[in-house]
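A short worksheet on the structure shown next.
A short reminder: the numbers here are calculations on the coordinates, not readings from a lab. Quick caveat: nothing in here was measured; it's all calculated off a predicted structure. Note that we place each Cβ from the backbone using ideal geometry, even for glycine, and neighbour counts take in every protein chain shown.
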Amino acid sequence: MYAHIVIAGGGQAAVQAADTLRRKGFAGKLTVVGDEPWLPYQRPPLSKKYLAGALERERLIIRPAQFFVEHQVQAQLGRRVSEILRREQRVRLDDGTVLAYDALLLATGSRPRRLAAPGTELAGVHYLRTIADADRIRAECAPAGRMVIIGGGYIGLEVAATARGLGLEVTVLEMAERVMNRVTCAQVSAFYESEHARQGVRILCNSRVRALAADARSGRVRAVLTEEGGEHPADIVIVAVGVAPAEELAAGAGLECDNGILIDQHCGTSDAAIYAAGDCVNHLSPHYRRRMRLESVDNAFEQGATAALNLLGIPTAHDKVPWFWSDQFDLKLVIVGMCQGYDTVVMRGAAAARSFSACYLRGGELIAIDTVNQPKDQMAARKLIAAHARPDPDKLADAAIALRDTL
C-alpha cells in the first residue's frame, strides 16, 4: 500500500479519486493540489444557472470543506504542480514547495483553446472555464447589451441561451457549416439553430473571424470582423472554440502524450507510479476499439474512481459508454455514446414536438443516440449501446415502440 498519494488537479476526477480511495480503505497520506482558490466545484453550471445568477457559488462545490477534514485529505488550494521529478518521485509546486509521492494521479483537466486573431487581448473579450471567468462575464452582461459568441458548440450555445435570458442581443459566429457539427447530425443541428433563432439568437455559420476591433476611446472591444467582410458590433465577446488537454506537466516529465496523456485501460501512464484521469487523458475505449479524449463530467467521475481502485491494487478496467448533456433554454440534450463513423441516422419522433431522438447506426449496430427532452430513450440506449445491440430500423423509427423493444 502506498504511503502518500498526490493528486494534481482540483476537479471532478480528483475529488472522485480522493473519495474512492478513502471509502475503499486507503489509510495513507492523501494530498490534492488545485490551482484555483476554491474547493473543487462543478463546471457545467458556469455557462447556465451560475452565469444567469440563479445558482449560488456554494452550490457549485462538489464536496464541502468538512469532507476534506473528516477524510484527512490535505487540500493545497491556489497552488499548481509545476514540475514532476520522476526519478526522485517528487513534485514541485509553483510556490517552491516539494512533495514526495509514492503514487501520483494527474487530473489536470483541460483549458480553453485560444483564438488566433488580432484583438483577443482587448477588454471585454472572455473565455469561460472557471468561476472567476463566469463572474467577470456576468458583471458585463447588461440588458440590451450586444454579445458576440465565437463558436457554436455546447458552451457557445449554452452561453447564448443564458445571455438571451438576461436580455442581451446575441450573435453566434460558427466557422463550420452548422452548429455542434462535431457531435450531432445535421437534423439535430438544424433543430437547435431553429430554436435559437426563435428565441432571438442570431446564428451565422461559415463565419471565420479575422480580427476583433477596439473602440478608439475606451480601448474595449467594439466589433468582431469576419473574413467574409462582416462587422458585428459587440459590447462583450465570448470565445468558445473548444478546449485542449492540460498535458504540459506530463509532457514536460517525459510521459507519453498525444492529444492528451496516454493511459491504458487501468488509467496507468507510461510511468508505473503515475496515473491520470479526466479531460487531460487520451484513453483506449474497448467498446469503440479506438483511442479517444472525452470532455465529460461522467467520464472524469468514472476515470477518477477507476484510477483510485487500481491505485488500491484492485484491477479495474475503464470501459463505459460515455454520455454528455447540454441545457439550452428549456431543452435538455443528452448524448449517449460516440456517433463518429455512423452510416445511418434514424429519427424517432418529430422535432416540431420538441421531444425526439436521433439514433446513430454503423453496420446496423446502435453506436450512439441524441435525445432532446426524451429521458426514456436515453436511459434505454445506455444498455443497448453497451450491448452492441442491432435494432430493427423500422421499429426504431416508430416512436410508439419503446426503444428497448426495437431489437
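Summary table
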read-out	value
Nonlocal amide H pairs with Ser110, under 5 Å, H built at 1.01 Å	Ala246
5 angstrom amide H check on Asn282, placed H, neighbours 5+ away	Ile261, Leu262, Ile263
Rounded, prolate or oblate (a/c below 1.5 giving rounded, otherwise prolate when a/b exceeds b/c) for region 28-85 by Cα gyration tensor	oblate
Ranked packing of 91-104, 272-285, 58-71, most packed first, by mean Cβ within 10 Å	272-285, 91-104, 58-71
HN-Hα J in Hz across region 332-346 - Karplus 6.51, -1.76, 1.60, θ = phi - 60°, x for Gly and Pro	10, 8, 10, 10, 10, x, 10, 8, 4, x, 5, 10, 9, 10, 10
Sum of -39500 (n - 2.57) over DSSP H runs of 4+, divided by residues of the chain (222 nm, nearest 500)	-6500 deg cm²/dmol
Calculated on alpha-carbon atoms, Rg and Dmax of region 341-407 in Å	10.6, 31
Cα gyration tensor shape of region 1-136, rounded if a/c is under 1.5, else prolate or oblate by comparing a/b with b/c	oblate
Size of charge dipole - the chain - debye, nearest 20, with Cβ of Lys, Arg +1 and Asp, Glu -1, no other charges	380
Global form of region 157-215, assessed from the alpha-carbon gyration tensor, a/c cut-off 1.5	oblate
Nitroxide proxy distance, nm - points 7 Å out along Cα→Cβ at Glu140 and Ser194	3.5
Ellipsoid equivalent to region 125-239 - semi-axes via the Cα gyration tensor, in Å	22, 17, 13
Unit Cα scatterers, Debye sum, the chain: log10 I(q)/I(0) for q = 0.10 Å⁻¹	-0.74
Amide H contacts under 5 Å for Val209, placed H, 5+ residues apart	Glu227
Antiparallel DSSP beta bridges within the chain, percent to nearest 5	55
